1. Among all residue pairs at least 6 apart or on different chains, which show Cβ distances below 7 Å where the first residue, located in the stretch 74-103, is touching a residue at least 12 places away in the same chain (Cβ under 8 Å) and the second is loosely packed, with under 14 Cβ neighbours inside 10 Å and not in a helix (DSSP H, G or I)?
2. Do you know which of the residues in the stretch 210-232 that are among the aliphatic types (A, V, I, L, M) and assigned to a loop (DSSP other than H, G, I, E, B) is farthest from residue 174 (Cα to Cα)?
3. Does residue 235 meet the test of being surrounded by 23 or more Cβ atoms within 10 Å (Cβ to Cβ) and either part of a loop (DSSP other than H, G, I, E, B) or not assigned by TED's automatic domain parsing to the domain that holds residue 141 (or both)?
4. Quick check on the stretch 347-367. Is at least one of its residues closer than 21 Å to residue 322 by Cα, crowded, with 19+ Cβ neighbours inside 10 Å, touching a Lys or Arg at 6+ places or on another chain (Cβ under 9 Å) and of a type in the set (Val, Ile, Thr)?
5. Only one residue in 247, 281 is within 20 Å of residue 114 (Cα to Cα), touching a residue at least 12 places away in the same chain (Cβ under 8 Å), in a helix (DSSP H, G or I) and not basic (Lys, Arg), so which one is that?
6. Name the residues in the stretch 258-278 that are within 22 Å of residue 338 (Cβ to Cβ) and without any contact (Cβ under 8 Å) to a residue 40 or more places away in the chain, would you?
7. Being surrounded by fewer than 17 Cβ atoms within 10 Å (Cβ to Cβ), without any contact (Cβ under 8 Å) to a residue 60 or more places away in the chain and not assigned by TED's automatic domain parsing to the domain that holds residue 342 is the requirement here; does residue 207 meet it?
8. Tally time: how many residues in the stretch 1-15 are surrounded by fewer than 21 Cβ atoms within 10 Å (Cβ to Cβ) and touching a helix residue (DSSP H, G or I) at 6+ places or on another chain (Cβ under 9 Å)?
Amino acid sequence: MTPSSQTFHFIGIGGVGVSAVARVLHARGVRVQGSDVRESALTLGLRALGIPVTIGHRAENIAGADVVVHSTAVPLDNVERVAARAAGVREAHRSETLGLALEGLESVGVTGTHGKGTVSAMVTHILIEAQRDPTFLIGGVLNNYGTNARAGQGAVAVAEIDESDKSHLNLQPDHVVVNNLEVDHLNFYAGLDDIIETMAAFVNGNDRARTIALNWDDEGVRALAARVTRPFLRYGTGDDPALDYAARNVRDAGDVVEFTAWAKGQALGVVRLPIPGGYNADNAAGAITVAMGAFDLPFDVVQRALSTYRGLENRFTVRRVGGLTIVKDYISHPTGMRRVLDSAKRMPHGRVRCVFKPYRFTLMRYHGEEYAQVFAAADDVVITTMYAAEERPIDGIDTPWFVDVLRRGGNTVHFVPSNDEVVPFLGDDLREGDMVIFFGGDDFFRMADAWAASLEAAQG
């Protein structure tokens, strides 16, 4: 590709990962345009930069494009992809254009089942505080900066790298972080061994990698380490003396997390994260490993940056209004949900009520019993109709089946089919002090935000 002389058309340009690449390439002088099914804060932000965005997918949208970019979520029969092939216009996966955005920069790539967005965001914030002005492309909006991507003037870039569809194999960052590896995305993988083997190919096949950081707290990552053929750094929260960097003596105080940072067997000092989630100590250990192990930044800079890190939008976001605590989290994997619930219950609360849209047939089939165990920590759970994404149905795996699995696990479950019915249902049985946790995606978050706004307005 010769981006400076070509026009890139992004299908689904309002997606958080796709918009990040479009934003950075545009800032570098590349001609960018795109389309999406609906207007959003991200599409409006792109328009404000002067990027043409069309709402709705139509064949004529690709007019003038030299390359049509798509993510894995855009099917082969999408009308714009069909038009591109008919016109002989090159198609490219989003990961290829992410590679373009990283070209010429010293890049950090963070991947894994959980926490990659948070680790990427923490590394980004540390580098900004260290006056390195990095380029960053992250699958979530950084609350410190109000954006998911920015083309910096420095020589460094940070990217969240998606492993869900094996497209990480298209990328070769200079510094690699693997944060967690668990069974997920079984529409692309045969199981955990396939996930680990593919990640090993990503790590071992990257001749550019100067730093490899592995989360030693995670069983899947430790299994990966046995297949990694080059030196790596270990990080985690345990007492294992083999850890190169660690977050120890973790104290989860609900809205804040504190720990003592260690490097090479030496205690460095206390770090105070002003965000909820005890698991974020683990994420911070990964960020410290990159900051100090790859970029040789002093601890005082890292400590100061982490003390002002404000998290990612809709990642364990807490809002207290009308006597309620409303929590939003993007996670849909049971391990991540368990971690959020464990930390949420450290905050002042009455009943804990969860709202969840089951996501993907494969995920529900494999982890059904785990979800039942996770929701046992809540007083009740509201389930809406399963979202299949692009997956084909699996016989016997549907919303009624999932509800039955949860009930057989001892959970109090309410099936509320439509999103529009969720808040009225909750409102019929609210008590002072209730905590309501929304696990899901943008549709749930819009619902939660509108509910919180209405409660706030009612207070005057």
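The values are calculated or read from the model by the stated rules, or taken from the named source; none is laboratory data. Since the model is a prediction, treat every value here as computed from it, not as a measurement. FYI the Cβ positions are ideal-geometry reconstructions off the backbone, even for glycines, and counts take in every protein chain you see.
1. Close Cβ pairs satisfying both conditions: 75/390; 79/58.
2. Step one: list which residues in the stretch 210-232 are among the aliphatic types (A, V, I, L, M), which gives 212-214, 221, 223-226, 228.
Now narrow it down to the ones that are assigned to a loop (DSSP other than H, G, I, E, B): 226, 228.
On the way: 226: 21, 228: 16 Å.
In this case the residue turns out to be 226.
3. On the way: surrounded by 23 or more Cβ atoms within 10 Å (Cβ to Cβ): yes; either part of a loop (DSSP other than H, G, I, E, B) or not assigned by TED's automatic domain parsing to the domain that holds residue 141 (or both): no.
No, not satisfied.
4. For the stretch 347-367, residues closer than 21 Å to residue 322 by Cα, crowded, with 19+ Cβ neighbours inside 10 Å, touching a Lys or Arg at 6+ places or on another chain (Cβ under 9 Å) and of a type in the set (Val, Ile, Thr): present.
5. Details: 247 fails: in a helix (DSSP H, G or I).
The unique qualifying residue is 281.
6. Matches in the stretch 258-278: 258, 259, 273.
7. Details: surrounded by fewer than 17 Cβ atoms within 10 Å (Cβ to Cβ): yes; without any contact (Cβ under 8 Å) to a residue 60 or more places away in the chain: yes; not assigned by TED's automatic domain parsing to the domain that holds residue 342: yes.
Yes; evaluated as a whole, the condition is true for this residue.
8. Of the stretch 1-15, the ones surrounded by fewer than 21 Cβ atoms within 10 Å (Cβ to Cβ) are 1-7.
Checking the rest, the ones that are also touching a helix residue (DSSP H, G or I) at 6+ places or on another chain (Cβ under 9 Å) come to 1, 3.
Matching residues across the stretch 1-15 total 2.
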